[in-house]
1. Pairs, please: C-beta under 6 Å, at least 6 apart or cross-chain, first residue in contact (Cβ under 8 Å) with a residue 24 or more places away in the chain and in the range 131-147, second loosely packed, with under 13 Cβ neighbours inside 10 Å and in a strand (DSSP E or B)?
2. For Asp69, are the conditions met, namely being in contact with a strand residue (DSSP E or B) (Cβ under 9 Å, 6 or more places away or on another chain), of a type in the set (Asp, Glu) and over 16 Å from Val31 (Cβ atoms)?
3. Examine the range 133-140 for a residue that is among the charged types (D, E, K, R), touching a strand residue (DSSP E or B) at 6+ places or on another chain (Cβ under 6 Å) and surrounded by 11 or more Cβ atoms within 10 Å (Cβ to Cβ), and state whether such a residue exists.
4. For Met98, state whether it is among the hydrophobic types (A, V, I, L, M, F, W, C), farther than 15 Å from Pro66 by Cα and in contact with a Gly (Cβ under 9 Å, 6 or more places away or on another chain).
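Coordinate-derived values only; no laboratory data. No experiment lies behind these values; they were computed from the predicted model shown. Every residue, glycine among them, receives a Cβ derived from its backbone with ideal geometry; neighbour counts consider all protein chains shown.
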Amino acid sequence: MKNLLPACACACALSLAAALPAAAQDQRNMVTILTAPEPQTQLMAMVLTLGAVQQGATAQILLCGPAADIALKAAPASATTGQPPRDASPQGLMQMLMAQHSVKVEVCAIYLPGLGADASVLVDGVTAAAPDAAARAILADDAVVMSF
């Protein structure tokens, strides 16, 4: 009987370890890569990211090129003007995703140097991406990548 208890404990630990990867596979991570300059496309990227988060995914957003302008404190009007049907703006929905759903938002590593600016021009909470970390997120087994 004394030998049975350690064997059962070992079997339970192995069963739990085998179950963990399966459970981890249920969790999806949405990586939204947004480069499009059109405000409607930018807003739709935010809407779909929100939809994924509401269905249980974690999410992060990588903004590159003209789309990164939505992360500026002094963003263009196209990023801050509400659009039909709900009068939402790309920047407003991005900020809501950050505040209410802990979505990480980053600009491409070359965006700020290209502007000749530093991170002080970005909306609070937005940071510059580290290329190696961004690549890992995109290549992760649990990642779903959406690119606009």
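1. Partner pairs satisfying both residue conditions: none exist.
2. So Asp69 passes the test.
3. Looking for residues that are among the charged types (D, E, K, R), touching a strand residue (DSSP E or B) at 6+ places or on another chain (Cβ under 6 Å) and surrounded by 11 or more Cβ atoms within 10 Å (Cβ to Cβ), one finds none in the range 133-140, hence no.
4. For Met98, the condition - among the hydrophobic types (A, V, I, L, M, F, W, C), farther than 15 Å from Pro66 by Cα and in contact with a Gly (Cβ under 9 Å, 6 or more places away or on another chain) - is met.
Conditions tested, residue by residue: (1) more than 14 Å from Phe148 (Cβ to Cβ); (2) among the polar types (S, T, N, Q); (3) in contact with a Pro (Cβ under 9 Å, 6 or more places away or on another chain).
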{"position": "Met30", "(1), (2), (3)": "no, no, no"}
{"position": "Leu72", "(1), (2), (3)": "yes, no, no"}
{"position": "Ala75", "(1), (2), (3)": "yes, no, yes"}
{"position": "Gly82", "(1), (2), (3)": "yes, no, no"}
{"position": "Pro85", "(1), (2), (3)": "yes, no, no"}
{"position": "Val107", "(1), (2), (3)": "yes, no, no"}
{"position": "Leu115", "(1), (2), (3)": "yes, no, no"}
{"position": "Leu122", "(1), (2), (3)": "yes, no, no"}
